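Heads up, the thing below is written out as structure tokens.
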Amino acid sequence: MDKTQGLLENVSFPYFFIDHNLRILTSSLISAEGVFTEFLATEDISRFNNLLKKNESGIFKLKIGNSILPYRIHLEKSDAAHYHLFCFPLSSEDEELRKMAEHMQKRLHRVNYQLREKKKHLNKAVKENKETVLISDYSADAGQLAGIAHEIRNPLTTVKGFLQLLKPYLLEIGKEQYAEIAIEEINRANDIIYEFLNASKPPQNKRTEIEVNRLVKEMKIFFESEAHIRNINLSVCLCPNNPIFYGDVKQIKQVLINIIRNAMEACESIPAPEGKIDLKAKALNQKVSITIQDNGLGMSEKTISKLFVPFYTTKEKGTGIGLSICQKIIEEHDGKINVHSKMSQGTVFEIEFPMIIN
């Protein structure tokens, strides 16, 4: 018996290591051989195949020994062809609680999708408003603005309530950071609504110390679901000494979200089997830099030269205002933005800010 098998035998719950054909390679059960579906109740086999596709957890009945009992199976993907399955037994009371939590999660996903769609309309309205500000004094229909605020704030309140209910469960499975980031984004959306409704007033920037590593990790968590849907590999590289710069975190997030979303759209159209976006944080010469690099379609020199010109766009439905606003925000933070791109090879955006020296 090797050391690995000896350790597995002391595990208090069933554990399986399987390949993409569901063959059992390693298990905490001595007699576990063949394919994993032989341990599943017949009615749960098709649901388990869906679990692999979605890379989620779920409750299934397992045939172990002479018993068929419910287990919560947590799935962790080892690589493209291998999976870890952690199977935790449930009592009948626990099963009901888990089912309720799963139901709440599904409702949260639905409401979150609706929220994103409404936020798209809000962001479009914000962009159109800022375009108007560039060429004329601010004016808007107060009734329309109130309607937008009402439409957005209702799902925001619902999602926030679900998150508060799910937070203890997420804490239990080690995913509490998802709830924290989601709540921060809801608060940021509320701030956008407030700023939109008060666009005629001078903006009041609230600048604080920003940890570049935390900012980059939050961007990864924020975009990882969308990246998965678009078949894009989103990776991060953090700076060892975690440098700090001074700025308005909401505005900086607005810049990064705009650039990363553009990168995703560029990657989605490439003929390669998978898009790739790398987020990198580093510090050099008393500067903090964040790099967003993609392997998308790339841009011509002509496009790059006009990239930050208001109203210039190569998109069919674009407004051409997003990157000009990003540049303005960066310059107001005493920063700098550089762009390098080659057709069919991808694009690199590098943003620099003055580093706080302790």
Suppose the chain between residue 30 and residue 238 were pulled fully straight at 0.36 nm per residue; how much longer would it get relative to their current alpha carbon spacing? 70.7 nm
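Based on the Cα atoms of the range 208-354, what semi-axes does the equivalent ellipsoid have, where each is the square root of 5 times one gyration tensor eigenvalue, given in whole Å with the largest first? Let's see the in-between values first.
Numbers: eigenvalues 109, 71, 36 Å².
Value: 23, 19, 13 Å, ordered largest first.
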Pairwise label distance in nanometres, residue 67 with residue 52, each label 7 Å out on the Cα-Cβ vector: 2.7 nm
Remind me, relative contact order of the range 3-90 in percent, using alpha carbon pairs under 8 angstrom and six or more residues apart? 27 percent
On a 24 Å Cα-Cα criterion, which of the cross-link pairs 77/276; 220/336; 120/220; 250/342; 54/124; 119/280 come out too long? 250/342; 54/124; 119/280
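Assigning unit charges at the beta carbon (Lys, Arg +1; Asp, Glu -1) and nothing else, what dipole magnitude in debye, to the nearest 20, does the range 208-354 show about its Cα centre?
It works out to roughly 160 debye.
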Taking the simple approach of a point 7 Å from Cα along Cα-to-Cβ for both residue 37 and residue 207, what is their distance in nm? 6.1 nm
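Can you give the extra length, in nm with one decimal, that the chain gains between residue 21 and residue 114 once fully stretched, where that is 0.36 nm per residue apart less the Cα-Cα distance?
Result for the pair: 29.9 nm of gain on full extension.
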Based on the Cβ-Cβ distance of residue 340 and residue 221, what FRET efficiency does E = 1/(1 + (r/R0)^6) give at R0 = 30 Å, to the nearest 0.05? 0.65
Cα centroids of the range 15-69 and the range 212-235: how far apart, whole angstrom? 30 Å
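All of the numbers you see were taken from the coordinates with simple rules; none came from a lab. Remember, predicted model here, so these are calculated numbers, not experimental data. With ideal geometry, Cβ positions are generated from the backbone for all residues, glycine too; neighbour counts draw on all protein chains shown.
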